[in-house]
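What follows draws every value from the coordinates through simple rules; no lab data is involved. Fair warning: this is a prediction, and the values are worked out from it, not measured in the lab. All Cβ positions, even for glycine, are placed from backbone atoms using ideal geometry, and neighbour counts span all protein chains on display.
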Amino acid sequence: MSERKPDDAEALPPTQEQAETSAPGREVARRRLLLGGGLAAASAVVSVRPALAQTAASVLHCQIPVPDPSRAGQAIAADGTIVPAGTQGSFPASGRPFTGEEVKAALRGRTLPGTSYEQSRAYLNYIRRLQSGTSGFTCYASLQMPR
């Protein structure tokens, strides 16, 4: 084994500081590399945004039937529970499903289209009680996700 001699220091690779001061071309190359990475990130953002916009649009067009088809012919009580048709104080099933956009507006204080204030509140209570596996649940859950 050989011992290290003072002239062996020249054989060692330069430190980063030495390399930057002795080679200005490396600094330029490093900046270009960093800028190239930034451009790649920017193009990724541009390509993801249309996908997010498409997802947001599909959530607003999804449908929530009130009540779900397996419970057709039943009515909705004011608290949103399903009751037999003709129960006092209940509302008949909606004639059509509501879109995500309509439900979102109703959750912010509007009434569902074609309904009275009380009927709209009962339908919204029903929608809020939807559980996994029920028709319209995925649509309602998508409306709850932050954007």
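If the only charges are +1 at each Lys and Arg Cβ and -1 at each Asp and Glu Cβ, what is the size of the charge dipole of the stretch 63-144 around the Cα centre, to the nearest 20 debye?
It works out to roughly 120 debye.
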**OP:** List the residues whose amide H sits under 5 Å from the amide H of Val83, counting only those 5 or more places along or on another chain, with H placed 1.01 Å from N in the peptide plane.
**Re:** Ala75, Ile76, Ala77
Original post:
If we count other beta carbons within 10 Å of each Cβ, what is the order of Asp68, Asp79, fewest first?
Top reply: Asp79, Asp68
